[in-house]
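Contents: one structure, followed by commentary.
The values are calculated or read from the model by the stated rules, or taken from the named source; none is laboratory data. The structure displayed is predicted, hence computed values, not measured ones. As a convention, Cβ positions derive from the backbone with ideal geometry for all residues, glycine included, and neighbour counts pool all protein chains shown. Just the protein is used for accessible areas: all its heavy atoms, side chains included, with ligands, DNA and RNA removed. Shrake-Rupley method; radii C 1.70, N 1.55, O 1.52, S 1.80 Å.
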Amino acid sequence: LGDAASAAKSGQQTPNGYYNVERMLANVLRKGGTVRVCGTCMDARGLADTELVAGAARSTMDELTALTVDAEKVLVF
């Protein structure tokens with residue numbers, strides 16, 4: 001949500017020693033996880049679906065609600 005939507009942008013080129021969230025998300029996807037990105041937040045930041053990390057998908061608040069309700073555990077930080 002919010003500025004975190006840009007974390008799923010593909011083609012990140014971070015300096016050595018910095019976290020590359022694109023690589024982190026790719027690891028999550030490789031291990032069977034899902035990555036959903038707020039569509040409204042993407043639009044606000046000018047991010048197109050084609051710019052997302054392969055396997056990440058545009059989502060909605062309704063989908064977030066359903067995923068949260070269905071989740072066995074929810075992390076908040």
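Six or more apart or on different chains, Cβ atoms under 7 Å: show the pairs whose first residue is in the range 55-73 and within 30 Å of G11 (Cβ to Cβ) and open to solvent by less than 70 Å² (accessible area, probe 1.4 Å) and whose second is at pLDDT below 95 and among the small types (G, A, S).
Short answer, once both residue conditions are applied: A56/A8; S59/G39.
Scan the range 9-39 for residues that are assigned to a helix (DSSP H, G or I) and surrounded by 14 or more Cβ atoms within 10 Å (Cβ to Cβ) and jot them down. Break it down into steps so the answer makes sense when it comes.
Keep residues of the range 9-39 that are assigned to a helix (DSSP H, G or I), which gives 21-30, 39.
Of everything in the range 9-39, those that are assigned to a helix (DSSP H, G or I) and surrounded by 14 or more Cβ atoms within 10 Å (Cβ to Cβ) turn out to be V21, E22, L25, A26, V28, L29, G39.
Does the range 40-54 hold any residues that are in contact (Cβ under 8 Å) with a residue 40 or more places away in the chain and surrounded by 12 or more Cβ atoms within 10 Å (Cβ to Cβ), and which are they? Give the derivation first.
Of the range 40-54, the ones in contact (Cβ under 8 Å) with a residue 40 or more places away in the chain are 41, 45, 47, 51-54.
Scanning the range 40-54 gives C41, R45, L47, E51, L52, V53.
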